[in-house]
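Nothing in this text is a laboratory measurement; each read-out follows from the coordinates by a stated rule. A quick note: this is a predicted structure, and the numbers were derived from the prediction, not measured. A quick note on method: Cβ atoms are made from the backbone with ideal geometry, for glycine too, and the neighbour counts reach across all protein chains shown.
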């Protein structure tokens, strides 16, 4: 009997998400307590006072009315907090589709399955930044 609970406990659904330069690997454990662990810390500690990022992360669960039915463990690298939150949302949406393919249409319509292609534009030679040119002087 102990073996079967071990197997059920280790079962999870996986999704990888990307946003800007951040990459998130999301593990979604069913029958959980709703806790979110990011890089070994709770999500509240990891993102600090920025509560809007916690809303971004859990938005696929709220859209599907799944509440606190799952436990998430997340490994995220690269980027800043905003990019990491977007990457986690993308990875969570992919994990939910892997768990139940019927969620795909709802998540696709909300835009959670689309990889956001916007990246920082490179600096060009002769310019101060990507597009800002030095001030023009006529004389």
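Below 8 Å, C-alpha to C-alpha, sequence gap of six or more: please give me the relative contact order for the chain in percent.
This gives 31 percent for the chain.
Rounded to the nearest 10 degrees, the angle from helix 51-63 to the longest Cα principal axis of the chain is 50 degrees.
Helix 81-99 axis versus longest C-alpha principal axis of the chain: approximately 40°, rounded to the nearest ten.
Protection proxy ranking, highest mean first, for peptides 122-128, 84-90, 54-60, 32-38: 84-90, 54-60, 32-38, 122-128, where packing is the per-residue count of other beta-carbon atoms within 10 Å, averaged. When both segment 55-85 and segment 93-116 are represented by their alpha-carbon centers, they are found 13 Å apart.
For a quick check: sort 29, 112 by the number of other beta carbons within 10 angstrom, fewest at the front.
Working: 29 18, 112 22.
Placing the least packed residue first, the sequence is 29, 112.
Here the calculated FRET efficiency for residue 11 and residue 114, from their Cβ-Cβ distance with R0 = 30 Å, stands at 0.60, rounded to the nearest 0.05.
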